[in-house]
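Reading through the structure tokens given below for one structure.
Only the coordinates and a few stated rules stand behind these numbers; no lab work does. What you are looking at is a predicted structure, and each value in this text was computed from that prediction instead of being measured. Ideal geometry is used to build each Cβ from the backbone, glycine not excepted, and the neighbour counts take in all protein chains shown.
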Amino acid sequence: MSKKIDLSSEDRQQILKLSKERNVFLEGNIIKLISDSEDQEFKDYLKEALDKDNEKRRNRLKITRQMQAQNKELLESKEENDNLMVELKEALNQADAAKQAALNDLDLLQKKTQFELIGRIVQISLWIICGVGVLTTVLFLFAMLTGRDTTLLGNTWSNLFGILLTNSFSIIGTIMGVKYASEKDSSTENKK
């Protein structure tokens with residue numbers, strides 16, 4: 001055991017005065033090393049200082065434990081946030097993939113609809129051209145069989161067939177041009 005420190009009467013009085021006037025006490029292991037001598041008031045002071053020091057140590061330990069618990073909670077929260085961020089990124093990637101799949105499906109549906117519309121237009125155009133051609137031919141044949149003058153009707157029939165053929169190729173060319181342009185636009189958008 002270490003040797004106790006003996007304080008002079010004057011030193012003890014100053015320490016007691018400091019505690020009464022400013023409420024300042026000795027702290028730490030030094031309290032255990034000071035000899036209490038035979039002065040009862042100083043003995044009481046040392047006991048009070050030791051009790052206050054122990055109380056402060058308990059409070060500091062309590063605060064330290066609280067800080068450690070809070071740090072542990074913060075670390076757990078950070079880990080949970082990191083996990084949520086990973087899940088959020090995965091969900092975002094899945095949403096982007098679903099969006100791209102939906103855009104591809106929409107593009108395919110539009111192309112299918114355009115193709116069906118173009119097919120319908122070509123089909124109706126061909127029916128009209130065939131119908132007008134058949135009707136004009138029937139009229140021309142009827143005029144020839146009935147003995148009527150077919151000069152005007154023959155020229156009209158010839159011109160009508162020329163116009164119908166020209167217009168049918170024009171319609172088909174326009175449809176094919178629109179189809180080609182829409183395919184080129186969609187391939188350019190897919191590259192972006």
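A few remarks follow.
- Residues Gln66 and Lys4, FRET efficiency given R0 of 25 Å [Cβ-Cβ distance, rounded to 0.05]: 0.10
- Among (i) 117, 13, 11; (ii) 133, 13, 8; (iii) 28, 18, 15, the entry that matches semi-axes √(5λ) of the Cα gyration tensor in Å as calculated here: (i)
- For the chain, calculated [θ]222 nm from helices alone, where every DSSP H run of n ≥ 4 adds -39500 (n - 2.57): -32000 deg cm²/dmol
- Degrees separating the helix 40-146 axis from the principal Cα axis of the chain, which is the longest one: 0
- Springs join every pair of Cα atoms under 10 Å in this Gaussian network model of the chain, and among Leu126, Leu152, Leu75 the largest mean-square fluctuation is at Leu152.
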